[in-house]
Amino acid sequence: MSLYVDKLSVESIGTKYEEGKKLQKNIVLSSYCSSDPMRERNLVKFLNEFEEAHHEHGCRTEMTVKFINHDEY
């Protein structure tokens, strides 16, 4: 049996640098949302690609997972 992710929301949070302006820390720099089902192995690939594209020096990752019974939504 495969695990499917039904809904996904990913945010890249960091510091925004704009020349001549004050640094903006802890803001959303990029985001991705989807309600297309995704298998767990594709989720891992996606997260690796997202991290490489948006955090070239690495980052800390926080994740929240919710399991909701089919009859409750």
### Task
Using the Karplus curve 6.51 cos²θ - 1.76 cosθ + 1.60 with θ = phi - 60°, work out ³J(HN,Hα) for each residue of region 45-61 in order, rounded to whole Hz, and write x for Gly and Pro.
4, 4, 4, 4, 5, 4, 4, 5, 6, 10, 9, 5, 9, x, 7, 8, 10
### Query
Expressed as a rounded percentage, what relative contact order does the chain have, with Cα pairs under 8 Å and six or more residues apart?
29 percent
### Mean projection area, nm², convex hull over Cα of the chain
6.5 nm²
### Amide H within-cut-off set for VAL5, under 5 Å, with H built and near neighbours excluded
MET38, ARG39, GLU40
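If we sort 55-63, 42-50 on the protection proxy, mean other Cβ atoms within 10 Å, highest first, what's the order? Don't jump to the answer; show the numbers that get you there.
On the way: 55-63: 8.4, 42-50: 12.8.
Result, highest mean first: 42-50, 55-63.
Under the rule of -39500 (n - 2.57) per DSSP H run of 4 or more residues, summed and divided by the residues of the chain, what mean residue ellipticity at 222 nm is obtained, to the nearest 500 deg cm²/dmol?
On the way: 1 runs with 15 residues, N = 73.
After summing the helix terms and dividing by the residues of the chain, the value is -6500 deg cm²/dmol.
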### Cα centre as origin, Lys/Arg/Asp/Glu Cβ charges: the chain dipole, Debye
240 debye
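Laboratory data are not the source of any read-out in this text; all were calculated from the coordinates shown. Since we're looking at a predicted model, the values are computed, not measured. Here the Cβ is made from the backbone with ideal geometry for all residues, glycine too, and neighbour counts use every protein chain on show.
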